[in-house]
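Accompanying notes for the structure given below.
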Amino acid sequence: IKYIVLAFAAAALLSGCSTDPQDTETGRGNGNSNKLTFLLPGVSSGTTVYGPVGSEQGEDDLDHLDIYMFDATKKTLEVIFWNDEISLNTSGQNPVATIDVTERVGAKVLFFVGNSTGLASELSKVRYGETTIDQFRGIISDPLDTLPVKPLLMTAEVSIADIENVTDTEKQIKLKRRVARFDIHNVAVDENDPDNIDGTNFVIKRILISS
């Protein structure tokens with residue numbers, strides 16, 4: 001009997017809803033355009049691998065991206081750049097994302113949320129000028145109620161000292177999965193040869209994941 005267990009421990013998936021939390025604000029500036037391009041050099045999973053484990057096709061794709069900008073001084077949400085407001089180019093090896101930061105000034109904290117699906121009700125609660133940085137971190141750290149779908153949720157957080165003079169280092173965005181994947185391959189007993197001692201004789205009945 002061969003047991004293959006695929007387990008997911010994840011933070012909450014965020015919705016890519018196209019409806020602004022307030023009608024008085026959008027992600028588009030007015031006046032002369034000031035475009036800012038970020039580099040998204042793939043997924044930085046931070047995993048320790050014990051054996052030949054790899055990503056399944058489609059897990060690391062970046063199909064959708066929203067960017068949440070917070071005022072670093074007030075520590076509250078300033079604007080959301082929805083996916084349709086972002087120029088996202090994923091055709092090359094390293095995707096790039098360009099946004100219009102016209103009329104944005106000062107220090108900012110940006111959250112990049114890739115492949116955001118699910119929990120639309122949680123995301124609908126965010127409000128410009130009210131939702132804090134810590135509250136938003138809590139939203140993207142809530143537990144998952146259902147198994148995630150591919151491509152997997154990825155996020156990144158970056159602090160920018162001056163949005164009008166962004167450094168090259170600040171433009172390097174390392175998206176990390178908010179989903180940890182565990183592939184456990186266990187051959188307990190060969191059903192065609194029950195006496196074969198090469199099996200582990202170990203049956204997995206339950207998996208608990210804690211962080």
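The values are calculated or read from the model by the stated rules, or taken from the named source; none is laboratory data. Owing to the predicted nature of the structure, the values given are computational and were not obtained by experimental measurement. Note that each Cβ is placed from the backbone with ideal geometry, even for glycine, and that neighbours are counted across all protein chains shown. The accessibility values were calculated without ligands, DNA or RNA, using every heavy atom of the protein model including side chains. Shrake-Rupley method; radii C 1.70, N 1.55, O 1.52, S 1.80 Å.
So the values come out like this:
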{"read-out": "Per-residue SASA entry for T76, accessible area with 1.4 Å probe, Å² rounded to 10", "value": "20"}
{"read-out": "Pairwise label distance in nanometres, T167 with T117, each label 7 Å out on the Cα-Cβ vector", "value": "3.8"}
{"read-out": "Sequence-distant residues sharing a close amide H with A72 (under 5 Å, placed H)", "value": "A107, K108, V109"}
{"read-out": "Per-residue SASA entry for E164, accessible area with 1.4 Å probe, Å² rounded to 10", "value": "110"}
{"read-out": "Solvent exposure ordering (accessible area, 1.4 Å, most first) of V203, V166", "value": "V203, V166"}
{"read-out": "Residues with amide H under 5 Å from that of D63, placed H, sequence gap 5 or more", "value": "N115"}
{"read-out": "FRET efficiency, S159 to N192 (Cβ-Cβ, R0 45 Å, nearest 0.05)", "value": "0.20"}
{"read-out": "Computed lengthening from K74 to I207, 0.36 nm per intervening residue step minus Cα-Cα distance", "value": "43.7 nm"}
{"read-out": "Cα-based reach from K108 at 28 Å (exclusive), listing lysines while leaving out same-chain residues under 8 positions away", "value": "K35, K74, K75, K125, K171, K174, K176"}
{"read-out": "Extension gain (nm, one decimal) between K174 and S124, 0.36 nm per residue minus Cα-Cα", "value": "15.4 nm"}
{"read-out": "Extended-chain gain in nm, criterion 0.36 nm per residue less alpha-carbon gap, T37 and S141", "value": "34.8 nm"}
{"read-out": "Accessible area in the full protein assembly, largest first, 1.4 Å probe, for V105, V126", "value": "V105, V126"}
